[in-house]
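Heads up, the thing below is written out as structure tokens.
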Amino acid sequence: MENSQINPHLWDEIQKQFEEIKKQSGVEPEEDYIKELEDMFGMSLDEMNRQTEIDFKSKNLGVELIHPDAVFPAYAYPSDSGFDLYSVSEIRIPEFGRALVPTGIRLSIPEGFEIQVRPKSGLALNQGLTVLNTPGTVDSGYNGEIKVIVFNTNNEKVTIGKGMKIAQAVLCPVMSGTFVNLTSIEDDETKDRGDNGFGSTGINK
């Protein structure tokens, strides 16, 4: 069942036929017909719908290891938003200092997406290390090594060991410059907020 593959377009066509059957007959498709489909695909209708949803939403993120100590990324849990990034070097960061930490990987990011590099909550809480430019942005046009700006919030030196988790990476949809037209305007339309910025709504209810 886990290895079954459904052609999303084929399943979409099947679902259209279902709707046509219900429309013409006013009844749900017969159980025997549904059972035949489930036997054909080796999974239930609910599983087919779920697999089709996964197929439509899935994106390929190419990963190249460019350092012998690089760790191939993986999601700890399927529900996780990000995968861990690991250091391939031992780096000592001075108190309240920062360092550019290499990960030894290169990513092939699909168009219309970016990688956001974010801190690890446990690392920030337990060791006082965070990502300085959070979230760090890696554009789809960038094909160099992923490196992380790690900031040491402690008043003492901290050593990042080789193979240590330093951040997490999240694949996010984004509007790139290809699809955004920057146009010159004389005067923006009046909006209810006007030029009220930071703290304009106050802190009390």
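Read-outs: derived from the displayed coordinates by stated rules, not from any lab. Computed from a prediction, not measured in an experiment: that's the story for all the values here. Methodologically, a virtual Cβ is constructed for each residue, glycine included, from the backbone with ideal geometry; neighbour enumeration extends over all protein chains shown.
Dividing the Cα radius of gyration of the range 62-176 by its Kirkwood radius returns 0.96 for Rg/Rh. Full extension of the chain between residue 59 and residue 180 gives 41.3 nm of extra length, using 0.36 nm per residue less the Cα-Cα distance.
Cβ-Cβ distance of residue 80 and residue 195, R₀ of 35 Å, FRET efficiency by 1/(1 + (r/R0)^6): the value works out to about 0.30.
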